[in-house]
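See below for the structure under consideration.
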Amino acid sequence: MRNTVLAITIAAVLGGCATVPAPIAGDHFVKITPQEAASQNAGNQQVRWGGEIINVEPRADVTCFEVLSRELYSDARPSNHRDRSDGRFIACSKGFYDPEVFTKGRDLTITGSLNGTEQHKVGEFNYTFPQVAAEQVYLWPERTYYAGYYGGYGGWYDPFWGPGWGPYYGGWGGWWGAPPIVVVPSGHGHHH
């Protein structure tokens, strides 16, 4: 009984850290990447995809988003790993979405059903985009980075010493494993 209560408590605490916004919540989505969907010409499957906006194109009665797909975190926000992608996709949603709000580089998560593919050029390359009839379009707030947080290597640092120096994870560790050595010339500050 005690272990069950502990397990439920831990699950509740961990689950509370990754709440998916209501408009894009659910567990009925197929696990398929945009690259896989394009190669299989998949259709009529519910997906929740996200990534970085590349382009927004308002058309007569829909707005289409070209998105560089990224893996989703447990809260359904696209990861910020800029060196990886699951391909590109196009998501079209009824209505007008202002390109001045849905700007290039912003994080977007959509839910909807796969609707075949579209061919467009990326540079000179003929690219096959899976197309999604988007039911929900969720624009994430812009990411905020705080001074003193060195996100690339996962930890706090003292900006005086720069990345890798300073009280790193409770001790001097950083990249080089020792505190900086400060050399003070002898006789410094003494007048003869």
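The values are calculated or read from the model by the stated rules, or taken from the named source; none is laboratory data. Quantities reported herein were computed from a predicted structural model and do not represent experimental measurements. Cβ: placed from backbone, ideal geometry, glycine included. Neighbour counts: every protein chain shown.
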Next item on the list: Answer with yes or no whether A133 is under 28 Å from T144 (Cβ atoms) and either modelled with pLDDT of 95 or more or not in a helix (DSSP H, G or I) (or both).
Entry: no
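In the list R106, R77, R59, which residue meets the criterion of being more than 19 Å from P23 (Cα to Cα) and among the basic types (K, R)? Walk me through it before giving the result.
Numbers: R106 fails: more than 19 Å from P23 (Cα to Cα); R77 fails: more than 19 Å from P23 (Cα to Cα).
The conditions single out R59.
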Notebook entry, point to check: Among the candidates F96, F102, F89, which residue alone is part of a loop (DSSP other than H, G, I, E, B), touching a residue at least 40 places away in the same chain (Cβ under 8 Å) and aromatic (F, W, Y)?
Noted result: F102
Notebook entry, point to check: Out of all the residues in region 41-69, which are under 15 Å from E118 (Cβ atoms), outside any strand (DSSP E or B) and not small (G, A, S)?
Noted result: N41, R59
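Among the residues that make up region 61-71, is at least one of them exposed (fewer than 13 other Cβ atoms within 10 Å of the Cβ), hydroxyl-bearing (S, T, Y) and assigned by TED's automatic domain parsing to the domain that holds G26? If you could, list the steps in order and put the result at the bottom.
Taking region 61-71 as the starting set, the residues that turn out to be exposed (fewer than 13 other Cβ atoms within 10 Å of the Cβ) are 61.
Then drop every residue that is not hydroxyl-bearing (S, T, Y), which leaves none.
Scanning region 61-71 turns up no residue that is exposed (fewer than 13 other Cβ atoms within 10 Å of the Cβ), hydroxyl-bearing (S, T, Y) and assigned by TED's automatic domain parsing to the domain that holds G26.
If you take the residues of region 74-105 that are among the acidic types (D, E) and exposed (fewer than 11 other Cβ atoms within 10 Å of the Cβ), which of them is farthest from K31 (Cα to Cα)?
Filtering region 74-105 down to residues among the acidic types (D, E) leaves 75, 83, 86, 98, 100.
Of the ones still in play, those that are also exposed (fewer than 11 other Cβ atoms within 10 Å of the Cβ) are 83, 98, 100.
Details: D83: 21, D98: 30, E100: 32 Å.
Per the criteria, the residue is E100.
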